[in-house]
1. What lysines does Lys51 reach when the alpha-carbon gap must be under 16 Å and sequence neighbours fewer than 8 apart in one chain are set aside?
2. For Asp152 and Met265 in one chain, what is 0.36 nm times their gap in residues minus the Cα-Cα distance, to one decimal in nm?
3. Report the antiparallel proportion of the DSSP beta bridges in the chain as a percent, rounded to a multiple of 5.
4. Taking θ = phi - 60°, what integer Hz values does the Karplus form 6.51 cos²θ - 1.76 cosθ + 1.60 yield along the range 248-257, in sequence order, with x for Gly and Pro?
5. If you put +1 on each Lys and Arg Cβ and -1 on each Asp and Glu Cβ, how big is the dipole of the range 186-275 around its Cα centre, in Debye rounded to 20?
6. Roughly what would the spin-label model give for Asn75 and Val91, points 7 Å off Cα along C-beta, in nm?
7. Decide, for the range 140-192, between rounded, prolate and oblate: order the square roots of the alpha carbon gyration tensor eigenvalues as a ≥ b ≥ c, take rounded if a/c falls under 1.5, and otherwise choose prolate if a/b is larger than b/c, else oblate.
8. Going by amide H atoms built from the backbone, whose H comes under 5 Å of the H on Leu54, apart from near neighbours?
Amino acid sequence: KHISVGESKKERLISFDDIGGQEVAKNELCEALEFIKSNDIIKSMGIRPLKGILLNGPPGTGKTLLAKAAAQHTNSVFLSASGSEFVEMYVGVGAKRVRQLFDQARQAARKHNKHSAVIFIDEIEVLGGKRGQNHSHQEHDQTLNELLVQMDGISSDDDIKILIIGATNRSDLLDSALLRPGRFDRIVKVDLPDKKGRVHILKLHTRNKPLSPDVDIESLAKDTFGFSGAQLESVANEAAILAMRENSQLITSVHFKNAIEKVMMGEKLDRLPSA
Ligand code: ATP
């Protein structure tokens, strides 16, 4: 199990412009990030630092992308972990891992001459679920307590600012201690994209693909009601694969139609026995 630090040179930087739709989430997030960027003013006004932002919404809607863009926007190092990486059998191990994550964030920032770090924790409900309700609850509770201790320890006087971005689609499962002021102060809703959002996402994921003139992104967006960003990315990718299989130079509306059907069928299709 390891915690990945997004400092590798190969990893492409994500900006808010790479994220389709999600205007409300982007605006709310950017507004919150001003707190990180203008630390001196915040300090002189005696405002307590913003320590945590929770992104709440269904899978594949761009929460990871938003967290990466937040790091890029604030010129921070980016570290990511999943709540399940902290689930351990032995008491104290998860808590130790939480401490290591914060230490690692500070070290990575120093190493890269940055003043801040964004720690992204996906599936935070696994680590931050309500205390006293878990099978191995002693270990779980210690891990969550350590996260609270680490968050409480963040101060605007620190040389390296740390922002925790948590992602979940079950904020109802979170321990209320996490949602108290000074912890996850902001909850940003990241919903499935509306039609305008789907147009934007489809445009982003087809921008480097050879589209036939008969492809109409507007009508593709109409036909993909309820799709997540991740599913729209799959549609664009599947359509390109279908075109390649037919040795077609261009991706046509028929390829897209079939790709949409395939993604809609989703796993069902994968589970069917091959003929
Ligand atoms: P999960 O909760 O499953 O971790 P997530 O909300 O973090 O999902 P991401 O990992 O950010 O979703 O998205 C997965 C992929 O889907 C992205 O790498 C991207 O290709 C595509 N995608 C999702 N949302 C968007 C979006 N709003 N704009 C562009 N691409 C998107």
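1. Excluding near neighbours in sequence, the set is Lys37, Lys43, Lys161.
2. 36.1 nm
3. Given both bridge residues lie in the chain, the antiparallel proportion sits at roughly 10 percent.
4. 3J(HN,Hα) across the range 248-257, in whole Hz: 8, 6, 10, 8, 9, 5, 5, 4, 5, 4.
5. The dipole of the range 186-275 has a size of about 300 debye.
6. Reported label-point gap for Asn75 and Val91 is 4.6 nm.
7. Verdict is oblate for the range 140-192.
8. Gly166, Arg186, Ile187, Val188
The values are calculated or read from the model by the stated rules, or taken from the named source; none is laboratory data. Not measured: the values here are computed from a predicted model. Glycine gets a Cβ as well: all are built from the backbone with ideal geometry, and neighbour counts include every protein chain shown. These area figures cover heavy atoms from the full protein model, side chains too; ligands, DNA and RNA do not enter into them. Shrake-Rupley method; radii C 1.70, N 1.55, O 1.52, S 1.80 Å.
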